[in-house]
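Encoded as structure tokens, the structure appears first; notes follow it.
We did not get these values from a lab; they are worked out from the coordinates using the rules stated. Just so you know, these numbers come straight off a predicted model, no measurement behind them. Ideal geometry is used to build each Cβ from the backbone, glycine not excepted, and the neighbour counts take in all protein chains shown.
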Amino acid sequence: MRTDKILIVDDKPENLYSLENMLSEDGRLIIKAYSGQEALKLAFQEEFSLILLDVQMPEMDGFEVAKMLKSTKRTRKIPIVFVTAISMEKKYLLKGLGEGAVDYLFKPLDVEVTRAKVKTLLKLFHQQQELESKNIELAGLNEQKNYFLGMASHDLRNPLGNIITLAQFIDADAENINEEHRTFLNAIIDSGNYMLNLLNDLLDISKIESGKMELQLNALNIPQLVNTVIADNKFIAQKKNISLHYSSHENLPPVSADSGQLRQALNNLVSNAIKYSVSGTMVEIVIEKQERQVVISVHDQGQGIPPNELDQIFRPFQKTSVKATAGESSTGLGLTIAKKVIEAHHGTIWVTSESGKGSVFSFSLPVTVMQSI
């Protein structure tokens, strides 16, 4: 059976004995302290579920004791109830709550009210302990999941890369392959590339969630980054007859960012825009300065996203009902990775969209204090 240790603190013995008789029952151990100093010594030695603390005591009053208890890691989570004969004026109540008390009991004590409050607070304390224990357990399981996910993804990448490379070698020998076998070979290459992209995304997610994504921050020229991303996506855009453009605010200040991580995030947004755009349209990247932020927006003239699906767009493995215009595959992780990278830079990402007219994915980054790059 679980035993709750309750510390009751008062400089008057008669008050302590009265309170002890009031609260004593099976499963509880009542420990008495006759001063603030004695209460602190006991609290640092024992594991208490609740402290009932008199406010008016000589040398060290209840407010001072509570302040010290809440400033120490070992005792800060113990719920404290002030027992007082002080006026119920608002200023006293606020002072006590400000020092960390969860409730007040006013003298003369009402037996039923006192017992009910103590019972409720003990129940809440144990629920909080159970919740913290579950959170620690879940954090451990999540860490294990990320470890095994990263390990499995890493181990699968090399053999999968070999399969794709060998298939491409065979595909290059076009003269000895009939049309049916060529179709099979293309399917192997497409599936292999999809799986490789998925594994790379899973590795990125596991790194981010396990806290192993380390940002190498430098003053970054955003227009240069955008030009690089446009070059990264130029070939696939040309294949779909989609033009890439960008416009930028003049005298744009640099931001403090990890160029590699930010390039990946912006690449995900631009490649997504191309994937869901139809032939003959345009994808535009717009860079603006707004107060102490730089805002980068990717505009497309694609199909748009239904309003009821917008709030799920950045969740892992969430795919909209909108299909890629050339049948391209999607892992459902690109936007999640982009969101996590932007937020790691203390930025914000959002989307606006209208069905049939296109979407705008935007993110903001704080302007760096650095003068130049």
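When a/c is below 1.5 the answer is rounded, else prolate if a/b is larger than b/c, else oblate, so apply that to region 9-54 with a ≥ b ≥ c taken from the square roots of the Cα gyration tensor eigenvalues.
Details: a/c = 2.48, a/b = 1.11, b/c = 2.23.
The shape class here is oblate.
Could you tell me the calculated FRET efficiency between Ile136 and Glu180, based on Cβ-Cβ distance and R0 = 56 angstrom, to the nearest 0.05?
Numbers: r = 57 Å, r/R0 = 1.01.
The value I calculate is 0.50.
At a Förster distance of 30 Å, what's the computed FRET efficiency of Asn158 paired with Glu343, Cβ-Cβ distance as r, to 0.05? Could you put the intermediate results ahead of the total?
On the way: r = 31 Å, r/R0 = 1.04.
Calculated value: 0.45.
Output the peptides 118-129, 285-296 sorted from most to least packed, where packing is the average of other Cβ atoms within 10 Å over each peptide's residues.
Details: 118-129: 14.3, 285-296: 16.8.
Put in order of decreasing packing, that is 285-296, 118-129.
Greater than 22 Å separation of Cα atoms is the criterion. Which listed pairs, Lys32/Lys134; Lys73/Lys119; Lys240/Lys289; Lys239/Lys319; Lys323/Lys357; Lys41/Lys123, meet it?
Pairs exceeding the cut-off: Lys32/Lys134; Lys73/Lys119; Lys240/Lys289; Lys239/Lys319; Lys41/Lys123.
How would you rank 132-138, 357-363, highest first, on the average number of other Cβ atoms within 10 Å across their residues? Working shown, then result.
Values: 132-138: 10.1, 357-363: 20.0.
Ranking the peptides 132-138, 357-363 by packing returns 357-363, 132-138.
Pop the C-beta distance of Glu284 and Ser329 into the FRET formula with R0 = 30 Å and round what comes out to the nearest 0.05.
Details: r = 25 Å, r/R0 = 0.83.
Given R0 = 30 Å and the Cβ-Cβ separation, E is 0.75.
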